[in-house]
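The values are calculated or read from the model by the stated rules, or taken from the named source; none is laboratory data. Note that this is a predicted model, so its numbers are computed, not measured. Here the Cβ is made from the backbone with ideal geometry for all residues, glycine too, and neighbour counts use every protein chain on show. Ligands, DNA and RNA are excluded from the accessible area calculation, which covers all protein heavy atoms including side chains. Shrake-Rupley method; radii C 1.70, N 1.55, O 1.52, S 1.80 Å.
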Amino acid sequence: MTDLRRSALYLPASNARAIAKARTLPCDVVILDLEDAVAPDEKGRARDAAVAAAREGGFGERLLVARANGLDTEWGEADLAALASAGFGAILVPKIASAADVGRYAERAGDTELWIMIETCGSLFALEPIAAMAASTRLTTMVLGTNDLAKEMRARFGAGRAPFLPFLSFAVAAARLHGLAVLDGVYNAIDDAEGFVAACAQSVDYGCDGRTLIHPSQIAACNAAFSPDETAVHRAEAIVAAFEAPENAGKGALRVDGAMAERLHLEEARRTIALAKACAHD
């Protein structure tokens, strides 16, 4: 599960029972939230609980992440100071709108991996410079915050999330340009299993590595959506075998199982096989 980010489950850091349960769930990432999920008068207690959970460990191969409050709030500085030395796999920071924002958080995150929330109107016009900060910081992952973005835009989700699709495309492109992972936003209708499956399929189609989740019931479907199925793995193995055959040495394009495959498909095929092996624990 080392590099898997298919399913990233948000949990309130103030909820001890939820944290204990998270140590047994099949999600790839556990995000202990100090921001949206925690009431103002609980912020300090949640911070202490998150630090204690990180130091206690027990999350196995799940990547443990903490989402801090923003530096423009009364809790942000204390959050970053505490989380940077607590042993988290990454710190997720909110409402990034510029490359300068990334720099401010990176200074405070120290040697801890940095994840950023892309959830403001300002970020839409600065996606590439924001992603480019990966070259000079420990930035590794973009997380799309579609709820906050919808609020700022006064947009509605509706069927297919049409108002947000250009944003999704450009965010993924910016992330790939600079070697970042990108996670799609949450699906709010917890009881709509069919809708969630469709939403995950859309995320896969647009190139995301995974999704953030708000309920454990969404984990299995999310993991399945972002894991290569048997057909994809078979196709990938056939492409690799074809290009590695001695008689095809030096060829740039081949017919494989009735379809054209070029060397660009070979790279993707190898990635698919590696991803399938990483997902084999499910």
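Ordered from longest to shortest, the equivalent ellipsoid semi-axes for the chain are 34, 21, 19 Å, each the square root of 5 times a Cα gyration tensor eigenvalue.
Residues whose amide H lies under 5 Å from that of ARG67, counting only those 5 or more places away or on a different chain, are LEU32, ASP33, LEU34, LEU92; hydrogens are built 1.01 Å from N in the peptide plane. Against the main long axis of the alpha-carbon atoms of the chain, helix 193-205 sits at an angle near 60°.
You can think of it this way: the chain between ASP36 and ALA238 has 68.1 nm of extra reach, that is 0.36 nm per residue less the Cα-Cα gap.
For ARG211, the residues whose modelled amide H falls within less than 5 Å of its own, excluding neighbours fewer than 5 places apart on the same chain, are SER7, ALA8, ASP184.
Please list log₁₀ I(q)/I(0) at q = 0.16, 0.21 Å⁻¹ for segment 179-282, using the Debye equation with identical point scatterers on the alpha-carbon positions. Values, matching the q order: -0.77, -1.06. With θ taken as phi - 60° and the Karplus curve 6.51 cos²θ - 1.76 cosθ + 1.60 applied, the whole-hertz 3J(HN,Hα) list for segment 150-166 is 4, 4, 5, 7, 6, 9, 10, 5, x, 5, x, 6, 3, x, 9, 5, x Hz, x standing for glycine and proline. Listed by chain and number, the aspartates and glutamates whose C-alpha is less than 20 Å from the C-alpha of LYS251, apart from same-chain residues fewer than 8 away, are GLU237, GLU262, GLU267, GLU268. Database remark: amide H of GLU113 closer than 5 angstrom to the amide H of ILE91 (H placed geometrically; neighbours at sequence offset of 5 or more, or on other chains; Pro and chain starts carry no H). Taking 0.36 nm per residue of sequence separation and removing the Cα-Cα distance, the ARG138/ALA100 pair yields an extension gain of 12.3 nm. Label zone of ASP191 (point 7 Å out along Cα→Cβ, amide N under 20 Å): in segment 209-233 this covers 214-221.
Computed over the alpha-carbon pairs of segment 78-129, the distance histogram in 5 Å steps reads 4, 22, 31, 20, 13, 8, 1 percent, short to long. Applying 1/(1 + (r/R0)^6) with r as the Cβ-Cβ distance of GLU128 and ALA20 and R0 = 35 angstrom yields a FRET efficiency of 0.30. In this structure segment 13-150 gives 39 Å² per residue of accessible area when probed at 1.4 Å with all protein chains present.
Protection proxy ranking, highest mean first, for peptides 21-27, 82-88, 54-60: 82-88, 21-27, 54-60, where packing is the per-residue count of other beta-carbon atoms within 10 Å, averaged. For the chain, the dipole from Cβ point charges (+1 on Lys and Arg, -1 on Asp and Glu) about the Cα centre works out to 60 debye, to the nearest 20.
Taking 19 Å as the straight-line reach from the Cα of LYS95, the lysines in range (excluding those fewer than 8 positions away in the same chain) are LYS43, LYS151. Against the empirical curve 2.2 N^0.38 Å, the C-alpha radius of gyration of segment 1-117 lands at a ratio of 0.98. The charge dipole of segment 1-115, taken about its Cα centre with unit charges on the Cβ of Lys, Arg, Asp and Glu (plus for the first two, minus for the last two), comes to roughly 420 debye. Applying Stokes-Einstein at 10 °C and 1.306 mPa s to the Kirkwood radius of segment 113-221, computed over alpha-carbon pairs, gives a translational diffusion coefficient of 112 µm² s⁻¹. Residue-wise HN-Hα couplings along segment 217-233, as the Karplus relation 6.51 cos²θ - 1.76 cosθ + 1.60 with θ = phi - 60° gives them from phi, are 5, 8, 5, 4, 5, 5, 4, 5, 5, 9, 10, x, 7, 4, 5, 5, 5 Hz; Gly and Pro carry x. Using Cα centres only, tell me the gap between segment 1-53 and segment 160-222 in whole Å. That distance is 20 Å. Which FRET efficiency value, to the nearest 0.05, do you get for GLU107 and ALA155 by plugging their Cβ-Cβ distance into 1/(1 + (r/R0)^6) with R0 = 30 Å? According to the calculation, E is roughly 0.35. Think of each Lys and Arg Cβ as +1 and each Asp and Glu Cβ as -1; about the Cα centre, that makes the dipole of segment 129-187 roughly 60 debye.
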